[in-house]
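Take a look at the structure below.
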Amino acid sequence: LAEALAHAHQRGILHRDIKPSNVLIAQDGQPMLLDFNLALDTKAGAEGELALAGGTMPYMAPEHLDAYNPEDPTPATVVGKQSDIYALGAVLFELLTGERPFSTRACAPSLPDLMRRMAQERRARVPSARELNPEVPRSLDAVVRRCLAPDPAQRYPGAAELAEDLQRELESLPLLHTREPSLSGRCRKWVRRHPRATSVLVTGTLSGIAIVTLAAVVISVRGRLSGLDAQGRWLAFQQGLIQAQLLVHTGEQPGVNLAEGREVCEHTLSLFGVLDRDDWMRRSQVTSLSPSQREKLAEDATELVLLLARVLTEQGRLTKSARARTTSLERAVQLLDRAERFAGDRTPRALYEDRSGCRRLLGDVAGAEADGNRAQATPVRTPRDHYLRATALAIEKRYDEAVPELRAALRTDPKYFWARFELGICYDQLGRFPEAAGAYESCVSLWPEFPWTYLNRGLAYSRLSRWNDAIDDYSEAIRLDPAFRDAYVNRGLAFLKQHRYVDARDDLDRALELNRQGGTVWAARAAAHVGLRELDAARADFDQALRESPGDQAILLSRGFAFGKVHPDQSLQDFDRIVAVHPESAEAHYGRAFVLGGLPNRTREAAGAAERAVALQPNLIAARCALAVLFARMGEHQRARDQIDAALEQEQSGSVYYAAACAYALESRGDDVTRDKAFHFLDQALQRHYGRELLASDPDLDPLRNDARFTRLVDAER
């Protein structure tokens with residue numbers, strides 16, 4: 001029906017009376033959209049007839065009701081394609097729930113008053129089909145809710161986009177034009193699309209093989225229904241474990257995913273009643289599984305309980321309430337007690353170590369010591385035991401200790417996906433970015449359809465300033481999951497680094513379409529607007545970012561750098577504001593150097609700020625590069641060379657080579673050897689796709705402009 005509506009709209013035809021009675025189901029099951037008696041041909045200039053044309057009120061959009069109301073001054077032209085989409089959404093709501101989205105029983109003294117009340121009700125709330133029918137997936141409910149948005153601008157832009165999202169829902173693909181409301185829903189879709197993915201993860205988290213063999217174990221109708229229920233729970237359990245691992249093991253800031261991670265753990269464990277009673281393994285849903293499934297379920301349940309206990313422990317650490325902290329930690333101990341009871345002699349060493357830590361935080365010294373002794377006496381037997389110990393160490397930020405455990409797991413089982421994934425995270429946190437990229441490379445080989453591996457490898461490449469490789473990985477993640485917001489955000493940031501401002505803005509637009517929250521995303525888009533000289537839009541985005549995160553240092557830094565060349569006074573105020581609160585902020589001191597270096601007669605002051613930044617954070621490469629160029633401008637060429645050498649020891653990126661080219665260019669007046677070095681560094685920068693847009697205007701390169709080699713470089717870049 002949406003495709004039929006799109007066909008009509010493409011030809012300028014508005015239906016204006018979509019309702020169930022205007023749909024005919026043909027003999028072959030094909031639905032047909034009928035009765036265009038009230039339709040309007042917009043190409044014929046008949047907009048004036050719209051208000052008189054009528055419609056069917058239970059399916060009318062609020063603006064349609066306004067235009068149809070003889071006492072309302074709303075013009076007829078407000079009824080358009082989005083009004084038809086609203087009506088089709090109302091039909092879909094009724095198909096899914098058996099009820100219309102809004103009641104038509106309201107009383108009013110007159111028809112105009114009734115229409116006014118109906119329009120007000122439709123603007124007051126967006127109904128949820130899932131509330132009336134819990135079987136409706138959250139993603140499909142999101143499609144319906146977007147159709148029924150009160151504001152036409154918030155509905156689908158066209159029926160073709162609605163048809164595409166409905167088709168993607170049928171094919172278990174992520175929605176493209178509406179934000180997926182649930183990570184668990186996306187995981188379920190992924191597993192439905194890749195039922196054979198578990199063949200790669202022999203000891204990993206997924207295990208969909210049992211679904212294929214289900215038919216071999218059914219004997220009676222009752223047994224068949226029981227088996228189907230158990231297999232459905234089994235699949236959902238595997239999906240939940242994947243989601244829990246992602247939530248607990250990813251996230252830039254402490255506690256960022258804890259609440260959602262806890263919810264997923266608890267829901268997943270409830271599928272087999274793991275938290276209800278100790279003998280949950282005797283329940284019919286468990287006993288009807290195959291022996292290998294039951295064995296894996298017990299191991300997976302132990303891991304999930306440990307994850308949940310770790311979430312509770314971390315929540316206890318982060319809370320400021322002593323009572324809430326104690327409650328959270330005591331609950332974690334209770335969970336670990338239960339896991340020990342059903343794990344029996346297969347209890348992993350990590351459980352005792354986790355419980356020892358919880359008891360120590362609760363002040364139970366004797367209990368903590370007893371668990372510590374049991375941990376020492378428990379051998380680490382399996383790859384999963386090593387993996388669980390490693391994740392416990394990683395949560396405590398003891399990444400250097402986690403790495404050997406993960407390597408031990410992989411020596412026994414080289415195809416242990418999650419061990420490699422966690423190894424990449426640990427290397428990343430240790431700043432060992434080439435090794436992190438290598439770990440994720442192995443993850444891609446093991447599970448090439450998993451978008452998170454490409455995202456994480458892209459992050460490692462970004463930290464190595466391998467922007468093209470990073471963009472390729474983010475693009476692959478988006479191809480696999482077109483609603484992957486993190487991939488759009490990070491690709492947008494990579495485009496920003498390459499000064500590809502249009503591409504950056506487009507990606508960040510898409511990220512904000514998927515989720516309007518996130519001050520840093522608004523700030524990043526503002527930086528893209530600045531690059532495009534869209535200054536009013538940039539200011540609006542920065543204002544929105546600071547409304548969401550008042551005083552956020554990262555946002556103030558972003559605004560300071562973005563407006564540094566356009567509004568230096570405002571930028572200095574932003575950097576000074578940060579320094580006043582965080583005097584040890586190397587980035588803020590570098591920001592001051594960045595702005596001051598562009599102002600006349602303030603080069604020495606800029607160098608002082610850059611020196612302060614380097615002293616506070618020696619690995620802040622941008623500050624070191626800026627300091628090198630500032631020294632060169634002041635004629636202190638040996639000091640400039642020292643900074644370039646130090647920067648190149650840490651990073652051979654395009655930006656470092658470009659700074660080296662500028663420093664040597666400033667030193668090269670009359671010196672052919674130094675000039676040759678400047679050209680060498682400039683060529684290296686351009687090969688790394690850095691500096692192309694700066695060649696024509698950067699005054700630091702002026703000493704090279706009369707050289708024929710410079711002209712050739714400029715022509716080649718053009």
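The values are calculated or read from the model by the stated rules, or taken from the named source; none is laboratory data. Computed from a predicted structure; not experimentally measured. Heads up, the Cβs are rebuilt from the backbone with ideal geometry, glycines too, and the neighbour counts pull from every protein chain shown. For accessibility, only protein heavy atoms count, side chains too; no ligands or nucleic acids. Shrake-Rupley method; radii C 1.70, N 1.55, O 1.52, S 1.80 Å.
Okay, here's what the table says:
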| item | result |
| --- | --- |
| Some residue of the stretch 325-334 being of a type outside the set (D, E, K, R), free of Cβ contacts under 8 Å to residues at least 12 places away in the same chain, farther than 26 Å from A298 by Cβ and open to solvent by 50 Å² or more (accessible area, probe 1.4 Å) | yes |
| Output for the stretch 15-31, where each listed residue is modelled with pLDDT of 90 or more, among the aliphatic types (A, V, I, L, M) and farther than 11 Å from L88 by Cβ | none |
| R346 being closer than 17 Å to A332 by Cβ and surrounded by fewer than 18 Cβ atoms within 10 Å (Cβ to Cβ) | no |
| Output for the stretch 393-416, where each listed residue is in a helix (DSSP H, G or I), surrounded by fewer than 23 Cβ atoms within 10 Å (Cβ to Cβ) and under 28 Å from the mean Cα position of the chain (by Cα) | L393, A394, I395, Y399, D400, V403 |
| Complete set of residues in the stretch 58-95 that are in contact (Cβ under 8 Å) with a residue 60 or more places away in the chain, buried (at least 22 other Cβ atoms within 10 Å of the Cβ) and not in a helix (DSSP H, G or I) | A61, V79 |
| Those residues of the stretch 96-119 which are modelled with pLDDT of 85 or more and loosely packed, with under 13 Cβ neighbours inside 10 Å, in sequence order | G98 |
| When residues of the stretch 132-144 are limited to those that are under 22 Å from the mean Cα position of the chain (by Cα) and part of a helix (DSSP H, G or I), the one farthest from V78 (Cα to Cα) | R138 |
| Top-ranked residue of the stretch 448-464 - restricted to ones that are touching a helix residue (DSSP H, G or I) at 6+ places or on another chain (Cβ under 7 Å) and outside any helix (DSSP H, G or I), ranked as surrounded by the fewest Cβ atoms within 10 Å (Cβ to Cβ) | E449 |
| Boolean, S475 is in a helix (DSSP H, G or I), modelled with pLDDT of 95 or more, over 23 Å from A153 (Cα atoms) and hydroxyl-bearing (S, T, Y) | yes |
| Selection count where residues are more than 21 Å from L455 (Cβ to Cβ) and of a type in the set (V, I, T), scope the stretch 386-436 | 2 |
| Index of the failed condition, Y352 passing every other in (1) touching a residue at least 24 places away in the same chain (Cβ under 8 Å); (2) over 20 Å from S270 (Cβ atoms); (3) open to solvent by 30 Å² or more (accessible area, probe 1.4 Å) | (3) |
| Selection status of T319, among the hydroxyl-bearing types (S, T, Y), open to solvent by 20 Å² or more (accessible area, probe 1.4 Å) and modelled with pLDDT of 90 or more | no |
| Scan of the stretch 249-285 for residues that are at pLDDT 85 or above and among the small types (G, A, S), ordered by number | S270, G273, S284 |
| Qualifying residue in the stretch 641-663 (condition: farther than 29 Å from R463 by Cα, touching a residue at least 12 places away in the same chain (Cβ under 8 Å) and open to solvent by 30 Å² or more (accessible area, probe 1.4 Å)) | no |
| Test result for Q684, open to solvent by 40 Å² or more (accessible area, probe 1.4 Å), in contact (Cβ under 8 Å) with a residue 12 or more places away in the chain and out of contact with any Lys or Arg (no Cβ under 8 Å at 6 or more places or on another chain) | no |
| Members of the stretch 357-371 found to be assigned to a helix (DSSP H, G or I), surrounded by fewer than 21 Cβ atoms within 10 Å (Cβ to Cβ) and more than 34 Å from the chain's Cα centre (by Cα), listed by number | R360, V365, A366, G367, A368, E369, A370 |
| Residue pairs meeting the criteria (Cβ under 8 Å; at least 6 apart or on separate chains; first more than 11 Å from A87 (Cα to Cα), in the stretch 148-159; second of a type in the set (G, A, S) and in a loop (DSSP other than H, G, I, E, B)) | P152/A61; P152/G80; R155/A149 |
| In the stretch 420-447, the residues that are touching a residue at least 40 places away in the same chain (Cβ under 8 Å) and in a helix (DSSP H, G or I) | F421, E422, I425, L446 |
| Filter result (basic (K, R) and either outside any helix (DSSP H, G or I) or modelled with pLDDT under 90 (or both)) within the stretch 655-704 | R669, R688, R692 |
| Scope the stretch 476-490; condition of a type outside the set (A, V, I, L, M, F, W, C), open to solvent by 20 Å² or more (accessible area, probe 1.4 Å) and either in contact with a strand residue (DSSP E or B) (Cβ under 7 Å, 6 or more places away or on another chain) or more than 14 Å from L459 (Cβ to Cβ) (or both); matching residues | R479, R485 |
| The stretch 310-359, residues that are within 20 Å of M281 (Cα to Cα) and of a type in the set (A, V, I, L, M) | L335, L336, A339, A343, L351 |
| Residue within the stretch 300-314 that is open to solvent by 40 Å² or more (accessible area, probe 1.4 Å) and part of a helix (DSSP H, G or I) present | no |
| Filter result for A593 (of a type in the set (A, V, I, L, M, F, W, C) and under 27 Å from the mean Cα position of the chain (by Cα)) | no |
| Those residues of the stretch 340-356 which are touching an Asp or Glu at 6+ places or on another chain (Cβ under 9 Å), within 18 Å of A301 (Cα to Cα) and either assigned to a helix (DSSP H, G or I) or not polar (S, T, N, Q) (or both), in sequence order | R341, F342, A343, R346, P348, R349, A350, L351, Y352, E353, D354, R355 |
| Test result for E169, at pLDDT below 90 and crowded, with 18+ Cβ neighbours inside 10 Å | yes |
| Residue in the stretch 533-541 that is under 17 Å from V489 (Cβ atoms) and more than 23 Å from the chain's Cα centre (by Cα) present | no |
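Okay, residues lined up against (1) over 30 Å from Q684 (Cβ atoms); (2) in contact with a Phe, Trp or Tyr (Cβ under 8 Å, 6 or more places away or on another chain):
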position: L406; (1), (2): yes, yes
position: T412; (1), (2): yes, no
position: K415; (1), (2): yes, no
position: S445; (1), (2): yes, no
position: P448; (1), (2): yes, no
position: R463; (1), (2): no, yes
position: D469; (1), (2): no, yes
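Here's the yes/no breakdown for (1) farther than 22 Å from R485 by Cα; (2) touching a Gly at 6+ places or on another chain (Cβ under 7 Å); (3) hydroxyl-bearing (S, T, Y):
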site: E548; (1), (2), (3): no, yes, no
site: H567; (1), (2), (3): yes, no, no
site: R577; (1), (2), (3): yes, no, no
site: V581; (1), (2), (3): yes, no, no
site: R602; (1), (2), (3): yes, no, no
site: A606; (1), (2), (3): yes, yes, no
